[in-house]
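Here's the structure we're looking at; comments come further down.
The values are calculated or read from the model by the stated rules, or taken from the named source; none is laboratory data. A quick note: this is a predicted structure, and the numbers were derived from the prediction, not measured. Cβ sites come from the backbone with ideal geometry, for glycine too, and all protein chains shown count toward neighbours. With ligands, DNA and RNA removed, areas are computed over all heavy atoms of the protein, side chains included. Shrake-Rupley method; radii C 1.70, N 1.55, O 1.52, S 1.80 Å.
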Amino acid sequence: MAATSRGTTPEPPDVRPRLTVLSGPSGVGKSTVVAHMRKVHPEVWLSVSATTRKPRPGERDGVQYHFATDDEFDKLIANGELLEWAEFAGNRYGTPRAAVQERLERGEPVLLEIDLQGARLVRESMPDAQLVFLAPPSWDELVRRLTGRGTESPEVIERRLETAKIELAAESEFDVTLVNTSVEDVARELLALMDVV
């Protein structure tokens, strides 16, 4: 399905690339789309989040995450070094501002894959960022994806579905909506939005 655009105008070619933010409900396939896109176009820089959670086996600092103590994370917030941050399940996650700005200034395409709360915070701190909403083909398909994992209790699934309803209702806050009917198609549409060919 083609991307639907909401009032965006093409920019002159000499303008620096805009920060692109990909968001959408849990289970919609954001990570899968980004992984496919970066396999095809590794030059697209995906921001590495800072987190207070402990590394899992095999994770390396600066690769999957920048691992920080609570005190270090407090300093990042206090010094305005995060574009956005949020708390999930007792751990905090945030996007380091300097690395994003540095790459944009070098003319590199930059992508953030974050949740709705993070996307709203980025819009506040960088109003010219391009916000892209990844939507499921249908509500039933999203329910199937969220319940099909088979690893969570009915209570957790119910909470995820309630959150997904709230996230879907925020679609109008975004500049562009892409419907995830095909990972390859969405990755291609996202690259086109970012002017990566």
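The table for this structure:
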read-out: The one condition in (1) without any contact (Cβ under 8 Å) to a residue 12 or more places away in the chain; (2) closer than 13 Å to residue 25 by Cα that residue 182 fails to fulfil; value: (2)
read-out: Exclusive hit being open to solvent by 80 Å² or more (accessible area, probe 1.4 Å) and touching a strand residue (DSSP E or B) at 6+ places or on another chain (Cβ under 9 Å), set 115, 70; value: 70
read-out: Residues being touching a strand residue (DSSP E or B) at 6+ places or on another chain (Cβ under 9 Å) and in a helix (DSSP H, G or I) - total across region 173-188; value: 3
read-out: Number of the exception - residue 54 against (1) out of contact with any strand residue (DSSP E or B) (no Cβ under 9 Å at 6 or more places or on another chain); (2) touching a residue at least 12 places away in the same chain (Cβ under 8 Å); (3) open to solvent by 80 Å² or more (accessible area, probe 1.4 Å); value: (1)
read-out: Residue ID - modelled with the highest pLDDT, chosen from residues in region 1-27 that are in a loop (DSSP other than H, G, I, E, B) and among the aliphatic types (A, V, I, L, M); value: 15
read-out: For residue 146: the one exception among (1) surrounded by 13 or more Cβ atoms within 10 Å (Cβ to Cβ); (2) at pLDDT 85 or above; value: (2)
read-out: Only one of 129, 78 that is among the small types (Gly, Ala, Ser) and open to solvent by 50 Å² or more (accessible area, probe 1.4 Å); value: 78
read-out: Breaking point among (1) within 30 Å of residue 137 (Cβ to Cβ); (2) open to solvent by 60 Å² or more (accessible area, probe 1.4 Å), for residue 46; value: (2)
read-out: Residue in region 61-77 that is under 20 Å from residue 33 (Cβ atoms) and polar (S, T, N, Q) present; value: yes
